[in-house]
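Heads up: the structure comes next, in structure tokens.
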Amino acid sequence: MVQRISVRVVTPADADTVYALLRDGASWPRWSPLGSFELVREGDGEPEGLGAVRLFRTGRVRSYEKIVALEPGRRFGYALEHGLPLRDYVAYVDLSPVEGGTEIHWHSTFTPKIPGTGWFYRRFLGSFIKRVAAGLAAAGRTTTV
């Protein structure tokens, strides 16, 4: 069964500032709980362009993520290549102007590889994504592009 996660936070930063942080994989360990970043494969036309594969490590967990959507100031998307027991994991971070800043809507869908574990991964990843989105919102406040 397809699982869904949806997290919304607001930052006083403008969408371009938030988007720049999402595009820069090396910045993620500074503003999120992720431990480290490595660019595994360059994307089309630029290192972190469409198709790029980024490796994030946190403790013993390794997550290989392929960039699947780049809409400047509007949307960033990635799909899990491997690293967690999930199928068809895809996440989008949509940025929308709101009074006083930008709403960050981080949402994802996936199917667990092991039947009956969907609730666990939805809860675990939902909590993790809340921390990541909150870190992104906070980093946007203190970053200038």
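The values are calculated or read from the model by the stated rules, or taken from the named source; none is laboratory data. Quantities reported herein were computed from a predicted structural model and do not represent experimental measurements. Note that we place each Cβ from the backbone using ideal geometry, even for glycine, and neighbour counts take in every protein chain shown. All accessible areas refer to the heavy atoms of the entire protein, side chains included, with ligands and DNA or RNA removed. Shrake-Rupley method; radii C 1.70, N 1.55, O 1.52, S 1.80 Å.
List of remarks:
- When 60, 87, 74 are screened for being modelled with pLDDT of 95 or more, open to solvent by 60 Å² or more (accessible area, probe 1.4 Å) and farther than 15 Å from residue 13 by Cα, only 87 passes.
- Count of segment 22-43 residues, restricted to those that are of a type in the set (Gly, Ala, Ser) and in contact with a Lys or Arg (Cβ under 8 Å, 6 or more places away or on another chain), is 4.
- Scan of segment 92-106 for residues that are open to solvent by less than 40 Å² (accessible area, probe 1.4 Å) and in contact (Cβ under 8 Å) with a residue 40 or more places away in the chain, ordered by number: 93, 95, 101, 102, 104, 105, 106
- For segment 22-33, the set of residues classified as open to solvent by 20 Å² or more (accessible area, probe 1.4 Å) and hydrophobic (A, V, I, L, M, F, W, C) consists of 26, 31, listed by residue number.
- Take the conditions (1) open to solvent by 30 Å² or more (accessible area, probe 1.4 Å); (2) closer than 15 Å to residue 21 by Cα; (3) at pLDDT below 95; residue 115 misses just one of them, which is (2).
- Scanning segment 1-31 for residues that are in a helix (DSSP H, G or I) and of a type in the set (Gly, Ala, Ser) gives 15, 20, 25, 26, 27.
- Residues that are outside any strand (DSSP E or B) and within 13 Å of the chain's Cα centre (by Cα) were ranked within segment 32-63; the one that is farthest from residue 132 (Cα to Cα) is 34.
- Residue match in segment 36-50 (condition: surrounded by 15 or more Cβ atoms within 10 Å (Cβ to Cβ) and closer than 19 Å to residue 126 by Cβ): no
- Number of residues in segment 94-145 that are part of a strand (DSSP E or B) and either under 23 Å from residue 68 (Cα atoms) or of a type in the set (A, V, I, L, M, F, W, C) (or both) equals 16.
- So residue 80, is it over 21 Å from residue 137 (Cβ atoms), open to solvent by 20 Å² or more (accessible area, probe 1.4 Å) and either of a type in the set (A, V, I, L, M, F, W, C) or within 14 Å of the chain's Cα centre (by Cα) (or both): yes
- The residues of segment 64-90 that are within 21 Å of residue 19 (Cβ to Cβ) and either in a loop (DSSP other than H, G, I, E, B) or of a type in the set (Gly, Ala, Ser) (or both), listed by number, are 69, 72, 73, 74, 77, 79.
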